[in-house]
């Protein structure tokens, strides 16, 4: 069997050599300038040089060296063929010439063709040397992979022109062919190393978001009541996954294009829902009906992508449903940020960052839809926003840890209580428990702590307390805290955050939630009402 394999290789090399001998050195090939390679060790960048010819339609003769392409359009790469053939989604061919040095190379030579949409085959001197994806009818898409192909040394004609013919099948109504990226000819291994080095640099975004997500995930585990940390962690972790799927490094994990691209779409849809939940908790807002509608629409879109293996369906869902639906989370974020400017100075930074992000998102949507050509800017604006919020939330967490250890300087009064008949001894102990709560409400007050001080069983004490006051211990403590917070809110010099920590709450979200539950309004609303009355 090994001998047969060796004979097959000899036969293939012989066939390729025969093909090279049969290639005529026609003067017709002189009609268009060739890219000139001075030496095999350097890299030639042939991007944006108008020496490539394009023709729509599919004809196997287009791959042949002797084919006369003088009537074809002359372009440069990268290029979206819809500029020349609007709405064409069939097959286009590209042809260009390269003149190599007068000797054969001592190492492998390669060619980098940027990102090609959707599938392609590359012919060199009339011989097919590489392909990515599969052409219809059994199409296997691969429209976001950078192509780097090795050129068989045996096919190189040293010292004269060599013909490259690229066959491409499009998929979308825009962004077809070798439409983006950089185009090189040079040492094959060097091209691969340079691409990997560049792609690993883009992993910078992934590492940053991953680190931020893990950090705030740990904070949430330590303080589970602060759900803004949970959703910020999930948002940044999802961002890390999304940006990973936007790199070429993903193909080191798997060559399954459909799986990689499907996950990219699904994660992108999810990020906006997670960020909406984060900003809702972060700004102490209640969910509205529109919140739930938006989440349902997002879930349905994710489900449709998961159930389909057609990139055209995914793209249609993104452009026609998901991107228009982003108006709600963006508008909601603007609303709560602007509304909170009077109370939180850090919201000014978030507002500016969010305006920049919104502008760059619009830019990127228009660029991706090929309305005009420009750089993709939203990843950088998004990074600035995330890092700024991370810093603010970190400072808030440090402040929380400092405040939670401080004692309040004000003591509250006892709420009205509905007492039931109870034993004299038990009542005396319960009165003592209430006095302890009045004194230590700004600290951590638990059923076990009170029961221990009174020398009682914790479970039995909890039942007696509920019978005596009509409330659970935690509810009673929170009401005491809220009553004292109401007093402090009457002084405009006291910030809401300092009041929350002073009366014993460990986080602002918990304070807002409990205050709303006890009074029926937010601390801001209560403060505005009190200040208006006093005026």
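Listed conditions (1) modelled with pLDDT of 85 or more; (2) on the phi > 0 side of the Ramachandran plot are all met by residue 470, apart from (1).
Looking at (1) modelled with pLDDT of 85 or more; (2) surrounded by 13 or more Cβ atoms within 10 Å (Cβ to Cβ); (3) assigned to a helix (DSSP H, G or I), which is the only condition residue 442 fails? Among (1) modelled with pLDDT of 85 or more; (2) surrounded by 13 or more Cβ atoms within 10 Å (Cβ to Cβ); (3) assigned to a helix (DSSP H, G or I), the lone unmet condition for residue 442 is (3). The set of residues from the range 38-88 being buried (at least 16 other Cβ atoms within 10 Å of the Cβ) and part of a helix (DSSP H, G or I) comprises 62, 63, 81, 82.
Residue 335 fulfils the conditions (1) touching a helix residue (DSSP H, G or I) at 6+ places or on another chain (Cβ under 7 Å); (2) exposed (fewer than 15 other Cβ atoms within 10 Å of the Cβ); (3) not in a loop (DSSP other than H, G, I, E, B) except for a single criterion, (1). Of note, residue 458 does not satisfy the criterion of being modelled with pLDDT of 85 or more and either farther than 30 Å from residue 429 by Cα or surrounded by 13 or more Cβ atoms within 10 Å (Cβ to Cβ) (or both).
Residue 285 fulfils the conditions (1) surrounded by fewer than 17 Cβ atoms within 10 Å (Cβ to Cβ); (2) more than 23 Å from residue 244 (Cβ to Cβ); (3) touching a helix residue (DSSP H, G or I) at 6+ places or on another chain (Cβ under 9 Å) except for a single criterion, (1). Meeting the requirement of 2 or more residues that are within 30 Å of residue 341 (Cα to Cα) and not assigned by TED's automatic domain parsing to the domain that holds residue 334, no helices (runs of 4 or more DSSP H) wholly within the range 200-313 can be named.
If you go through the range 198-214 and keep only what is over 17 Å from residue 246 (Cβ atoms) and surrounded by fewer than 18 Cβ atoms within 10 Å (Cβ to Cβ), you end up with 211, 214.
Here is a yes/no grid of residues against (1) under 20 Å from residue 48 (Cβ atoms); (2) free of Cβ contacts under 8 Å to residues at least 40 places away in the same chain; (3) crowded, with 23+ Cβ neighbours inside 10 Å; (4) not assigned by TED's automatic domain parsing to the domain that holds residue 259:
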residue: 90; (1), (2), (3), (4): no, no, no, yes
residue: 94; (1), (2), (3), (4): yes, no, yes, yes
residue: 111; (1), (2), (3), (4): yes, no, yes, yes
residue: 127; (1), (2), (3), (4): no, no, no, yes
residue: 140; (1), (2), (3), (4): no, no, no, yes
residue: 157; (1), (2), (3), (4): no, no, no, yes
residue: 161; (1), (2), (3), (4): no, no, no, yes
residue: 186; (1), (2), (3), (4): yes, no, no, yes
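Every listed requirement among (1) under 28 Å from residue 219 (Cα atoms); (2) part of a helix (DSSP H, G or I); (3) touching a residue at least 24 places away in the same chain (Cβ under 8 Å) is met by residue 531 save one, (1). Meeting the requirement of 3 or more residues that are farther than 23 Å from residue 90 by Cβ, the strands (runs of 3 or more DSSP E) wholly within the range 114-191 are 146-151, 177-187. Take the residues of the range 338-348 that are surrounded by fewer than 16 Cβ atoms within 10 Å (Cβ to Cβ) and not in a loop (DSSP other than H, G, I, E, B): which is modelled with the lowest pLDDT? Only one residue fits best here, namely 339.
The values are calculated or read from the model by the stated rules, or taken from the named source; none is laboratory data. Just so it is clear, the model here is predicted, and its values are computed rather than measured. A quick note on method: Cβ atoms are made from the backbone with ideal geometry, for glycine too, and the neighbour counts reach across all protein chains shown.
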